[in-house]
1. Can you list residue pairs whose Cβ atoms sit under 9 Å apart, with the first residue in region 168-179 being under 9 Å from D118 (Cβ atoms) and the second being of a type in the set (D, E)? Count only pairs 6 or more apart in sequence or on different chains.
2. Could you list all residues from region 22-38 that are part of a helix (DSSP H, G or I) and at positive phi?
3. Quick test for you: out of K138, K192, K211, pick the one residue that is part of a helix (DSSP H, G or I), open to solvent by 40 Å² or more (accessible area, probe 1.4 Å) and away from the ligand (no atom under 16 Å from the Cβ).
4. So P125 passes all but one of these: (1) under 18 Å from R19 (Cα atoms); (2) part of a loop (DSSP other than H, G, I, E, B); (3) of a type outside the set (V, I, T); (4) open to solvent by 20 Å² or more (accessible area, probe 1.4 Å). Which condition number does it fail?
5. Among what's in region 80-102 and is among the charged types (D, E, K, R) and away from the ligand (no atom under 11 Å from the Cβ), pick the residue that is most open to solvent (accessible area, probe 1.4 Å).
6. Counting only residues that are assigned to a loop (DSSP other than H, G, I, E, B) and open to solvent by 80 Å² or more (accessible area, probe 1.4 Å), which one in region 143-182 is farthest from V133 (Cα to Cα)?
7. From the residues in region 10-31 that are within 10 Å of the ligand (Cβ to nearest atom) and buried (at least 21 other Cβ atoms within 10 Å of the Cβ), which one is nearest to the chain's Cα centre (by Cα)?
Amino acid sequence: MIIAIDGPAAAGKGTLARRLAGHFNLAFLDTGRLYRAVGYAILQAGNDPNDPEIAVAAARALDPENVVAGDLYTEQVAETASVVAAIADVRKELLTFQRNFAYHPPGGKNGAVLDGRDIASVVCPDATHKFFVTASAKVRARRRFKELQENGVESTYAAVLADIEQRDQRDRTRKVSPLKSVDARVIDTSGKTPDAVFEEALAHIEGEQSK
Ligand code: C5P
């Protein structure tokens, strides 16, 4: 079983992916982490993420099995990830690992859940179940802002909203593997609890299984 979950930033993809992975005994891969790790390495080296040669070299140097580098969950790393993710050869470097994870999941699991932007469209077009998880930009910014506050990171709601809108815009309009809903069950998580989202996804999967 392969479950593909795509959607914009902070829509609740990761939360749903982990729940489904636990429920069905599947391996879980947060593919955004790979792009973040590439962005992080470039920032650490003080290099320019817009330079394709530098970005591709950083992607090639990444060991996807051991993405342990520092704090990947800052807005600066997210922004840099989205810049390098628009470069076709960077995506190519990361594709084999993602496909291999999906089709040969580690740890004797029954399959895999992958979350990202292009899982249903590029990485696993033949995934067993496909979801597009979304929410309004305001809802997503509110959630992300709350998370930052809880972690003691200084920021403003307006700045978080602007970051999210800019990143969505870049992810949706890039030429290679743009964020889009392909053949997927759309779940809008605005105003829904994680439990409600999980139940909705589960009901959809069970419905497809009984067909
Ligand atoms: O999912 P997350 O917010 O961690 O992803 C960071 C960035 O990595 C995204 O904004 C996007 O540009 C890129 N990404 C991608 N394709 C994926 C996963 C992430 O382009 N499958």
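The values are calculated or read from the model by the stated rules, or taken from the named source; none is laboratory data. Keep in mind the model is a prediction, meaning the values are calculated, not measured. Cβ: placed from backbone, ideal geometry, glycine included. Neighbour counts: every protein chain shown. Protein only, heavy atoms only, side chains kept; ligands, DNA and RNA dropped before computing areas. Shrake-Rupley method; radii C 1.70, N 1.55, O 1.52, S 1.80 Å.
1. Final answer for the pair search is V176/D118; S177/D118; P178/D118; P178/D171; L179/D6; L179/D118; L179/D168; L179/D171.
2. Within region 22-38, none qualify.
3. Only one candidate qualifies: K138.
4. (1)
5. Checked region 80-102; the qualifying residue most open to solvent (accessible area, probe 1.4 Å) is K92.
6. Looking at residues that are assigned to a loop (DSSP other than H, G, I, E, B) and open to solvent by 80 Å² or more (accessible area, probe 1.4 Å), I get E154.
7. T31
Every residue, every condition in (1) among the polar types (S, T, N, Q); (2) out of contact with any strand residue (DSSP E or B) (no Cβ under 9 Å at 6 or more places or on another chain), yes or no:
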{"residue": "G22", "(1), (2)": "no, no"}
{"residue": "A41", "(1), (2)": "no, yes"}
{"residue": "E53", "(1), (2)": "no, yes"}
{"residue": "R60", "(1), (2)": "no, yes"}
{"residue": "T74", "(1), (2)": "yes, yes"}
{"residue": "E79", "(1), (2)": "no, yes"}
{"residue": "K92", "(1), (2)": "no, yes"}
{"residue": "T96", "(1), (2)": "yes, yes"}
{"residue": "Y103", "(1), (2)": "no, no"}
